[in-house]
Amino acid sequence: MSYNLQVTIDKSSGFCFGVVYAIEMAEDILDSEGYLYCLGDIVHNDEEVERLTARGLKIIDHEVLKTLKNEKVLIRAHGEAPSTYQLALENNLILIDASCPVVLKLQNRIKNSHDDDEQILIFGKHGHAEVIGLQGQTNGKAIVFQDLAELDTIELPSKFTLYSQTTKSTDKFYHIKDQLLSRGYDVKANDTICRQVSNRYGELEKFVANYDKIIFVSGKKSSNGKVLYDVCKKYNDNSYFISNVEELDQSWFSENDKIGICGATSTPMWLMEKVKVALEQY
C-alpha cells in the first residue's frame with residue numbers, strides 16, 4: 001500500500017547565516033588544504049559534522065588545542081572566550097574566526113558592561129559553547145542561569161544587567177525580566193536574542209498550522225532546536241522530533257497526509273531533503 005504523502009519543506013528552515021558562514025569557510029580550506037582543525041562541533045548537528053569530518057575536518061577540544069602548534073584552527077559560529085585567542089598567540093596558531101557577528105556584538109557588549117563594573121546575569125544554557133564564550137568576557141564572574149528557579153538559590157545583587165544567549169526564547173526572556181522587576185530588583189535588560197532565530201517562531205507558527213503532521217529535524221544538542229520544536233508542538237500537536245531518517249516511524253502517518261518538514265538553524269537542507277525523499281517512498 002502507498003500512503004501517497006504530500007510532503008513540503010519549510011522554506012525558512014535550515015541554516016542561519018552564522019552557520020552558513022562557518023561551513024563555507026571550513027569547506028574552502030578543506031578544498032585547498034585537505035584538512036582543518038575545528039574547536040568543538042562546527043554545528044550542533046551530528047549528520048552535518050559527519051559529512052565534514054569525512055572531508056577532513058578534525059574536531060578537537062580545548063585540551064587538544066593546548067597541544068597544537070603552527071596549525072590552522074576554525075572558531076565556529078558560537079564564538080570563544082578571550083583565553084582561546086591568548087592560547088593561539090602563544091602556540092602560533094592561525095585562527096580562522098567564523099564567530100557569528102551577532103555573537104561577537106553580544107560578547108563586546110558584555111565585556112563593556114563588565115569593564116564598567118556592572119553585575120551581569122546571563123540567561124543561557126550551562127556549558128553551552130556560546131555561553132562559555134560570553135562568560136569568558138567577564139573573567140567567569142557573570143551569573144549564568146537557565147530558568148528563574150535557579151535564581152531562588154542565589155544571593156543576587158540589588159542592581160544588575162541582564163543579557164541572553166542569542167538563541168533563547170524571546171517570550172521567556174521578557175517573562176524573566178518582568179519577574180525580576182516585580183521582585184524589586186533594579187534590572188537593566190538587554191534583549192540580545194538573534195532576530196534570525198526569533199523571527200522563525202512566527203514563521204513556524206504559520207507553517208505548522210497547514211499540515212496534518214510535522215516532522216521537525218534537528219540535532220539533539222541544539223538549544224535552538226529545542227525552542228523551535230516547542231513552537232511546532234504548541235501549534236500542531238502531531239509534531240515529531242527526529243535527528244535522522246532512521247528515526248522516522250511509518251506508524252505516525254495515515255494515507256494522503258499532508259506533511260510539513262522543518263528544522264533548526266543548525267539543520268542542513270540536504271538532511272531535510274533526505275527526510276522528504278524517505279517519506280515520499282511510503
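Points worth noting:
- Rounded, prolate or oblate (a/c below 1.5 giving rounded, otherwise prolate when a/b exceeds b/c) for the stretch 125-282 by Cα gyration tensor: prolate
- Model label sites at residue 17 and residue 91, defined 7 Å from Cα along the beta-carbon direction, differ in position by 3.2 nm.
- The stretch 1-80: C-alpha gyration tensor shape, a/c 1.5 cut-off, then a/b vs b/c: prolate
- Positive-end ranking of 85, 104, 262 along the dipole of the chain, with charges on Cβ about the Cα centre, is headed by 104.
- Within a straight-line Cα-Cα reach of under 22 Å, residue 66 can be paired with the following lysines, leaving aside sequence neighbours fewer than 8 residues apart in one chain: 58.
- Computed on the Cα trace of the chain, the radius of gyration divided by the Kirkwood hydrodynamic radius gives Rg/Rh = 1.02.
- Mean accessible surface per residue for the chain, computed with a 1.4 Å probe while every protein chain stays in place, in Å²: 47
- Counting only protein heavy atoms and a probe of 1.4 Å, the accessible surface of the stretch 1-143 is 50% carbon and sulfur.
- Convex hull of alpha carbon positions in the stretch 152-218: directionally averaged projected area 6.4 nm².
- Only helices enter the 222 nm calculation for the chain: every DSSP H run of n ≥ 4 contributes -39,500 (n - 2.57), and dividing by all residues gives -13000 deg cm²/dmol, rounded to 500.
- Label zone at residue 158, where the point sits 7 Å out along the Cα-to-Cβ direction: the stretch 169-194 residues whose backbone N lies under 13 Å: 184-187
- The stretch 1-56 versus the stretch 170-230: alpha-carbon centroid distance in Å: 23
- Relative contact order of the chain, defined on C-alpha pairs under 8 angstrom at six or more residues apart (%): 25
- The stretch 1-146, relative contact order in percent, only Cα pairs under 8 angstrom and at least six apart counted: 20
The values are calculated or read from the model by the stated rules, or taken from the named source; none is laboratory data. As the structure is a prediction and not an experimental result, all values here were calculated from the model. So basically every Cβ, Gly included, is an ideal-geometry build from the backbone, and we count neighbours across all protein chains shown. When the accessible area is computed, the model is the full protein with side chains, heavy atoms only, and any ligands, DNA or RNA have been set aside. Shrake-Rupley method; radii C 1.70, N 1.55, O 1.52, S 1.80 Å.
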